1. Give the shape of region 1-78 as rounded, prolate or oblate, defined through the alpha-carbon gyration tensor: a ≥ b ≥ c are the square roots of its eigenvalues, a/c under 1.5 means rounded, and otherwise the shape is prolate if a/b is larger than b/c and oblate if not.
2. What's the exposure ranking of 38, 73, going from fewest to most Cβ atoms within 10 Å?
3. Before anything else, pin down the relative contact order of region 15-116: Cα pairs under 8 Å, at least 6 apart, normalised by residue count, whole percent.
4. Suppose each label sits 7 Å from its Cα in the direction of the beta carbon; what would the residue 138-residue 70 distance come out to in nanometres?
5. Would you order 114, 39, 22 from fewest to most other beta-carbon atoms within 10 Å of each residue's own beta-carbon?
6. Under 10 Å, Cα contacts only: if you run a Gaussian network model on the chain, which one of 13, 60, 130 comes out with the highest mean-square fluctuation?
7. In vacuo Debye scattering of region 63-130, one point per C-alpha: log10 I(q)/I(0) at q = 0.20 Å⁻¹?
8. Which one of 166, 122, 150 has the biggest mean-square fluctuation once the chain is modelled by GNM with Cα springs under 10 Å?
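Derivation of every value follows stated rules applied to the coordinates shown; laboratory data play no part. The model shown is predicted, which means the values in this text are computed figures rather than measured ones. Neighbour counts run over all protein chains shown; Cβ positions are idealised from the backbone, glycine included.
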């Protein structure tokens, strides 16, 4: 699909990596390049500012796109599979693996990408990870799913496969995964103002 665009996309990615030195905190996110014509490769994501178009997975930092890749609907990408990590996790690692090897990076992501298996894999390969997660994600602790009628600032965490799974009550329940944080009694508390 993107055969004609590939030389330009590769040039942009390679130039970006040569000219920009990323900070230690980077973010994985999906972007949509607006397109409303007919194509088998367009996506519709209802909560995006631009809901229809070509889907691009990107690795960003402070508004700068360090590297990216197009996501195809029909033909899968040439991304190496990772045992026990889903296809989306393998795509995330494909981007993360392009970062310079001499720094310790922390990868932030939202619940579309986060999984315990991916975070464990990233940690085992020298990357920190932090992100929100859906409660129905595989291996997310059942005990954190069943908590109801909790007061503001309730915080509970359980370690699964060296990944801290968290439930925190803000205006609603917030569930997260992290390999970078710990729960440390009152020092983990937030003062309500």
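1. On the way: a/c = 2.34, a/b = 1.42, b/c = 1.65.
Note, shape of region 1-78 comes out oblate.
2. Working: 38 6, 73 13.
Going from sparsest to densest Cβ surroundings: 38, 73.
3. Working: 147 pairs, mean separation 30.4, N = 102.
Once normalised by length, the contact order is 30 percent.
4. With each label placed 7 Å out from Cα toward Cβ, I get 2.9 nm.
5. On the way: 114 27, 39 12, 22 19.
Going from least to most buried by this count: 39, 22, 114.
6. So, out of 13, 60, 130, the one fluctuating most is 13.
7. Each listed q maps to, in turn, -0.87.
8. Among 166, 122, 150, the largest GNM mean-square fluctuation belongs to 150.
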